[in-house]
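First the structure, in the form of structure tokens, and then the observations on it.
The values are calculated or read from the model by the stated rules, or taken from the named source; none is laboratory data. Nothing here was measured: the structure is a model prediction, and the numbers come from that model. All Cβ positions, glycine included, derive from the backbone under ideal geometry; neighbour counts span all protein chains shown.
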Amino acid sequence: MSTPSAAHDQQRRPALTVLLAAPRGFCAGVDRAIQIVELALARFGAPVYVRHEIVHNRYVVESLKAKGAVFVEELDEIPETDQPVIFSAHGVPKSVPQAAKSRNLFAIDATCPLVFKVHTEASRHHAEGRRIVLIGHAGHPEVEGTTGQLPPGAVTLIQTAAEAEAFDAEDPARLAYVTQTTLSVDDTAEIVAILKRRFPDIVGPHKEDICYATTNRQVAVKAIAAKVGLVIVVGAPNSSNSLRLVEVAERAGCPKAILIQRAADLSWDAFDGVSAVGVTAGASAPETLVDEVIAALKERFEISVEQVTTASERIAFNVPRELREPAA
């Protein structure tokens with residue numbers, strides 16, 4: 001039975017409908033990458049070195065640091081060691097495992113299998129004499145990893161529809177395209193359509209490179225965007241798939257979408273005049289951060305939560321053999 005003060009508090013708090021997008025949060029590649037670091041720590045003890053953020057989420061990185069993971073940007077920051085050195089889920093240029101091998105480092109590759117698929121496609125097309133067009137964002141580690149599979153100058157990066165229109169191919173009959181896995185599905189489709197119109201012989205992947213998780217999360221956001229006054233995306237400012245969710249929400253009819261890392265980042269002014277909000281999370285954001293946001297909303301509003309599910313995900317990837325075999 002509620003007390004008079006509790007009843008008064010409920011009357012004071014405005015009502016807020018929360019549409020929770022599903023799928024959201026961790027994808028299979030992120031889940032696998034985090035497992036790899038945790039299993040390496042359990043098997044080999046601390047420290048375990050990780051080149052680049054294992055996934056783009058500060059909460060995850062700080063949690064792993066607390067368990068003994070040491071994050072570096074380049075291998076030359078790692079001292080001589082027999083401890084594992086893990087490559088991030090985003091993939092690395094070929095030069096990185098080569099450098100690790102030359103130093104006899106114990107390297108474990110946490111590259112997402114779907115990113116590895118793009119690497120394989122790019123290498124195959126190059127071996128068959130095609131010029132590679134990579135649709136992606138300059139400076140993103142995944143783009144650097146894919147470009148770094150091939151000799152310098154073998155890959156042309158295209159970021160926008162305008163760049164696709166301006167691209168000049170030396171041999172239009174020998175072209176192939178691959179894409180970053182975390183792009184906007186709609187933007188990428190527009191760029192691919194331009195390339196196919198201009199270069200009818202261009203060869204694409206057998207199965208789209210944009211990963212199932214990126215696609216599913218964008219579809220889920222589209223399903224709720226027009227029904228709410230605000231979409232909250234839990235993710236990181238350097239997370240490509242999280243940034244795309246903000247763009248997708250606004251294009252799909254939501255007046256405002258915001259990216260936050262934690263509930264503490266919420267600006268309550270954004271809720272003025274809003275009676276319904278959507279909540280989702282990028283593929284590298286743990287569910288605990290979504291729970292944190294829901295808890296913060298509960299403190300300010302009388303909320304009703306409805307999950308809007310557009311797909312069911314059952315994909316899982318095996319961890320590398322080094323972490324599956326029984327310890328000697």
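Restricting attention to region 155-200, and to residues there that are more than 24 Å from K222 (Cβ to Cβ) and of a type in the set (D, E), which single residue is modelled with the lowest pLDDT?
This residue is E170.
Check off (1) surrounded by 20 or more Cβ atoms within 10 Å (Cβ to Cβ); (2) assigned to a loop (DSSP other than H, G, I, E, B) for G139 and give me the number that stays unchecked.
Status for G139: all satisfied but (1).
Being within 18 Å of V185 (Cβ to Cβ) and either surrounded by fewer than 19 Cβ atoms within 10 Å (Cβ to Cβ) or touching a residue at least 60 places away in the same chain (Cβ under 8 Å) (or both): is that true of G282 here?
yes
Residue under question is A285, and the condition is that it be among the small types (G, A, S), within 27 Å of D109 (Cα to Cα) and outside any helix (DSSP H, G or I); does it hold?
Criteria met by A285.
Say we look at region 96-136 and pick out the residues that are among the small types (G, A, S) and under 21 Å from the mean Cα position of the chain (by Cα); which of these is nearest to R324 (Cα to Cα)?
Of everything passing the filter in region 96-136, A110 is nearest to R324 (Cα to Cα).
Taking the residues in region 214-235 that are under 16 Å from the mean Cα position of the chain (by Cα) and small (G, A, S) as candidates, determine which candidate is farthest from V308 (Cα to Cα).
Restricting to residues being under 16 Å from the mean Cα position of the chain (by Cα) and small (G, A, S), the top hit is G235.
In region 204-212, is there at least one residue being over 17 Å from the mean Cα position of the chain (by Cα), part of a loop (DSSP other than H, G, I, E, B) and hydrophobic (A, V, I, L, M, F, W, C)?
Among the residues of region 204-212, not one is over 17 Å from the mean Cα position of the chain (by Cα), part of a loop (DSSP other than H, G, I, E, B) and hydrophobic (A, V, I, L, M, F, W, C), which makes the answer no.
Picking from V72, V50, which residue would you name as being within 20 Å of the chain's Cα centre (by Cα), surrounded by fewer than 18 Cβ atoms within 10 Å (Cβ to Cβ), at pLDDT 95 or above and not hydroxyl-bearing (S, T, Y)?
Going through V72, V50 in turn, the sole match is V72.
When the residues of region 289-313 are filtered to those that are of a type in the set (V, I, T) and either in contact with a helix residue (DSSP H, G or I) (Cβ under 8 Å, 6 or more places away or on another chain) or in a loop (DSSP other than H, G, I, E, B) (or both), which remaining residue is nearest to T182 (Cα to Cα)?
In this case the residue turns out to be T310.
So, of the residues in region 249-276 that are assigned to a loop (DSSP other than H, G, I, E, B) and of a type in the set (A, V, I, L, M, F, W, C), which turns out to be farthest from the chain's Cα centre (by Cα)?
My answer is V274.
For region 45-66, what are the residues that are touching a residue at least 60 places away in the same chain (Cβ under 8 Å) and assigned to a helix (DSSP H, G or I)?
Matches in region 45-66: R58, Y59, V60.
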